[in-house]
Amino acid sequence: MTIKLQGRIDSANAAQAEKDILSRLEAGVKEPVVLDAAALEYLSSAGLRVILRLKKTYPDIRIINVNYDVYEIFEMTGFTEMMDVEKAYRTVSTEGCEVIGEGFNGKVYRIDSDNVVKVYKKADALSEIQHEREVARLALILGVPTAISYDVVRVGDSYGSVFELLNARSFAKILAEEPERMEWCVKEYSDMLKKLHGITVPEGKLPSAREDMLEAAERMKSFLPPELGEKAERLISEIPECDKLIHGDCHTKNIVLAGDEVLLIDMDTLCVGRPVFELAQMYNSYIGFSEYDHGIVKEFQGFDQETASEFWEKTLRAYLNTEDDEKIGRIEDKIRCVAYIDLIDWKSRHSDLSSPEDKATIALWTENLTELLKRTDSLDF
């Protein structure tokens, strides 16, 4: 049952407004009640009390399409904590807009010369937007160079979060269009990783990457011989908990050059943990996901598999600050173990594994992981 509110509701007309609303509800409405405030201009304390009395009878009452000024009244008086009050969001179109970033949950489009919008793939994404805005704010406070979100908008059937991002180009686009800047990208990228992994996060502010990976290891171990499935789970459990920041999806579409400043975007995957979890996700972005079909990295990142492999190898060397091939190989084995655990789990949950390509892909990852587990006794470094 949707009831429209309009104009001003104050001491002069609150009684009549309440009478009008109750006349719509006197038949004993059982379905949820929604107050549509699209045409509501003002609400005084008398109007607020009308809504309080309605809430006593209809505890799940919602208010939607609330303009900025009226929403401030609800927020200042605590109504937004007592009930679901939804703002009226302006509408933005991304038709013809350049995609400058992409992650599992959404795409980032440039909508004008100053702003970008991250559009969430889920239609009902307000809780995800709120989560990302909170973690992005935390990242900013902790010193992470990132874009600042200042508005929530409707984009088609979904929602988006608007960021100010002047003249931004993703590292993926730079590598695709200016391959001669590979070394510069590697240095800036590895420096950003070191900065992130040196930041201590206050306890309880972000989820644990280790706990998420433990769940993945539990879900995917049936693809391995029993003893290796148990070993994979045990090795993940033996990685120490850590309070250092990791991005969780730090590929070249999520690191951008804005003017002369390098920024991270797409912050909804922020968590805490050891570097191996970050590097495993990076390995998958450049090699793991496209290991069976090299066209995947071209489609997603915009550059070919050769460029992806070179960028991964040079970034790992720069991050570890060593040219020792034996040491790099030993650490990369650990990274790949975690990467394949994550890949097999992801594929098993997002595919029915009925196609020959899906079967061949997961068989390749399982074979690689099996060989790695046979020679690996620790995943930490």
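The values are calculated or read from the model by the stated rules, or taken from the named source; none is laboratory data. Everything quoted here is computed from the prediction, not taken from an experiment. Cβ sites come from the backbone with ideal geometry, for glycine too, and all protein chains shown count toward neighbours.
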**Message:** Take the residues in region 71-84 that are within 30 Å of the chain's Cα centre (by Cα) and of a type in the set (A, V, I, L, M, F, W, C); name whichever of them is surrounded by the most Cβ atoms within 10 Å (Cβ to Cβ).
**Reply:** Phe74
**Message:** It is to be established whether one or more residues within region 251-261 are over 18 Å from Thr315 (Cβ atoms), in a strand (DSSP E or B) and touching a residue at least 24 places away in the same chain (Cβ under 8 Å).
**Reply:** yes
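Just a yes or no: is a residue in region 289-296 under 20 Å from the mean Cα position of the chain (by Cα) and either under 30 Å from Ile129 (Cβ atoms) or free of Cβ contacts under 8 Å to residues at least 40 places away in the same chain (or both)?
Initially, region 289-296 is screened for residues under 20 Å from the mean Cα position of the chain (by Cα), giving 289.
From the residues that got through so far, the ones that are either under 30 Å from Ile129 (Cβ atoms) or free of Cβ contacts under 8 Å to residues at least 40 places away in the same chain (or both) too are 289.
The answer is yes, given that some residue of region 289-296 is under 20 Å from the mean Cα position of the chain (by Cα) and either under 30 Å from Ile129 (Cβ atoms) or free of Cβ contacts under 8 Å to residues at least 40 places away in the same chain (or both).
Table: residues versus (1) surrounded by fewer than 23 Cβ atoms within 10 Å (Cβ to Cβ); (2) over 19 Å from Arg375 (Cα atoms).
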{"residue": "Glu261", "(1), (2)": "yes, yes"}
{"residue": "Arg274", "(1), (2)": "yes, yes"}
{"residue": "Leu279", "(1), (2)": "no, yes"}
{"residue": "Met282", "(1), (2)": "no, yes"}
{"residue": "Val297", "(1), (2)": "no, yes"}
{"residue": "Lys327", "(1), (2)": "yes, no"}
{"residue": "Glu332", "(1), (2)": "yes, no"}
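Every residue, every condition in (1) in contact (Cβ under 8 Å) with a residue 60 or more places away in the chain; (2) surrounded by fewer than 19 Cβ atoms within 10 Å (Cβ to Cβ); (3) in contact with a helix residue (DSSP H, G or I) (Cβ under 7 Å, 6 or more places away or on another chain), yes or no:
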| position | (1), (2), (3) |
| --- | --- |
| Glu86 | no, yes, no |
| Gly106 | yes, no, no |
| Asp112 | no, yes, no |
| Tyr120 | no, no, yes |
| Arg133 | no, yes, no |
| Ile141 | no, yes, no |
| Val162 | yes, no, no |
| Asn167 | yes, yes, no |
| Ala172 | yes, no, yes |
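Go through the residues of region 228-247 one by one and say whether even a single one is modelled with pLDDT under 95 and within 30 Å of Pro356 (Cβ to Cβ). Show your work before the answer.
So the first thing to find is which residues in region 228-247 are modelled with pLDDT under 95, and the list is none.
Looking through region 228-247, none of the residues is modelled with pLDDT under 95 and within 30 Å of Pro356 (Cβ to Cβ).
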**Item:** Filtered residues of region 367-381 (kept if assigned to a helix (DSSP H, G or I) and surrounded by fewer than 18 Cβ atoms within 10 Å (Cβ to Cβ))
**Value:** Glu367, Thr370, Glu371, Lys374, Arg375
**Prompt:** Looking at region 213-233, which of the residues that are free of Cβ contacts under 8 Å to residues at least 24 places away in the same chain and touching a Lys or Arg at 6+ places or on another chain (Cβ under 8 Å) is surrounded by the fewest Cβ atoms within 10 Å (Cβ to Cβ)?
**Reply:** Glu230
**Item:** Residues (surrounded by 13 or more Cβ atoms within 10 Å (Cβ to Cβ) and in a helix (DSSP H, G or I)) located in region 341-358
**Value:** Ile341, Asp342, Leu343, Ile344, Asp345, Trp346, Lys347, Ser348, Asp358
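Would you kindly identify the strands (runs of 3 or more DSSP E) lying entirely within region 52-150 that contain at least 1 residues that are of a type outside the set (A, V, I, L, M) and out of contact with any Phe, Trp or Tyr (no Cβ under 9 Å at 6 or more places or on another chain)? Show your work before the answer.
Details: elements: 62-66, 84-87, 99-102, 106-110, 115-120.
Here the list reads 62-66, 84-87, 106-110.
Among residues belonging to region 203-212 that are assigned to a loop (DSSP other than H, G, I, E, B) and touching a residue at least 24 places away in the same chain (Cβ under 8 Å), point out the one that is surrounded by the most Cβ atoms within 10 Å (Cβ to Cβ). Before you say what the answer is, go through the steps one by one.
We begin by selecting, within region 203-212, every residue assigned to a loop (DSSP other than H, G, I, E, B); these are 203-207.
Add one more test, that the residue is touching a residue at least 24 places away in the same chain (Cβ under 8 Å), and what stays is 203, 205-207.
Numbers: Glu203: 8, Lys205: 16, Leu206: 20, Pro207: 15.
So the residue we want is Leu206.
Yes or no, residue by residue, for (1) farther than 14 Å from Glu278 by Cβ; (2) basic (Lys, Arg):
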| site | (1), (2) |
| --- | --- |
| Leu142 | yes, no |
| Ile148 | yes, no |
| Ser161 | yes, no |
| Arg169 | yes, yes |
| Ala172 | yes, no |
| Arg181 | yes, yes |
| Cys185 | yes, no |
| Lys194 | no, yes |
| Ala209 | no, no |
